[in-house]
Amino acid sequence: ATAKHIKEIADVELKSGYPHPKNFNAIENSALIIRNSDIFVAKYKNKIVGYISLNKKKNNGEIEFLAVSKKFQDKGIGFKLIGYIIKYARKNKCKKLTLSVRSLNLKAIKLYKKFGFIVTRRTTKTIGKNKINKVHMSLKM
């Protein structure tokens, strides 16, 4: 994905069905992802319907974002994106992949576990008046 895809990626994020903080700016968030990460997209009829981002740091990689438009969920798109990013990370000599996911996102946690990710810790972050509980996971390559 490139800078020309920012709007489409932001649209996927907003249509993923998961709540965002009131001050969340999808366009700014997507621009930041594109500048700092490798992004891979899933398309349907030439329109982006899902994406995943990988931030590589030396021999490790962090999956920063995975989102699939709600209309296209439960069709194996997230599964294919995760499988692709794992292969890409191995090809680029990553020894470990890490990620964090909201603890309420049980569907994503279950999906990551199918690929062998294990829970390494749980944290709570306060943003304004909201508490966000996260599950941190990792996969040794």
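The values are calculated or read from the model by the stated rules, or taken from the named source; none is laboratory data. All values derive from a computational prediction rather than experimental measurement. Positions of Cβ are backbone-derived with ideal geometry, glycine not excepted, and every protein chain shown enters the neighbour counts. Ligands, DNA and RNA are stripped out before the accessible areas are found, and what is left, the full protein with its side chains, is counted by its heavy atoms. Shrake-Rupley method; radii C 1.70, N 1.55, O 1.52, S 1.80 Å.
Worth a mention:
- In the range 35-77, the qualifying residues are those that are open to solvent by less than 60 Å² (accessible area, probe 1.4 Å) and in a loop (DSSP other than H, G, I, E, B), and the one that is modelled with the highest pLDDT is G76.
- Counted residues, the range 122-139 - those being part of a loop (DSSP other than H, G, I, E, B) and touching a helix residue (DSSP H, G or I) at 6+ places or on another chain (Cβ under 8 Å): 0
- The range 78-95 residues that are open to solvent by 100 Å² or more (accessible area, probe 1.4 Å), paired with ones that are among the polar types (S, T, N, Q) and outside any loop (DSSP other than H, G, I, E, B) (beta carbon under 9 Å, 6 or more apart): K95/N60
- If the condition is being at pLDDT below 95, open to solvent by 50 Å² or more (accessible area, probe 1.4 Å) and aliphatic (A, V, I, L, M), then the range 107-138 contributes only I127.
- Filtered residue count, the range 96-106, keeping only those that are surrounded by fewer than 20 Cβ atoms within 10 Å (Cβ to Cβ) and closer than 15 Å to K140 by Cβ: 2
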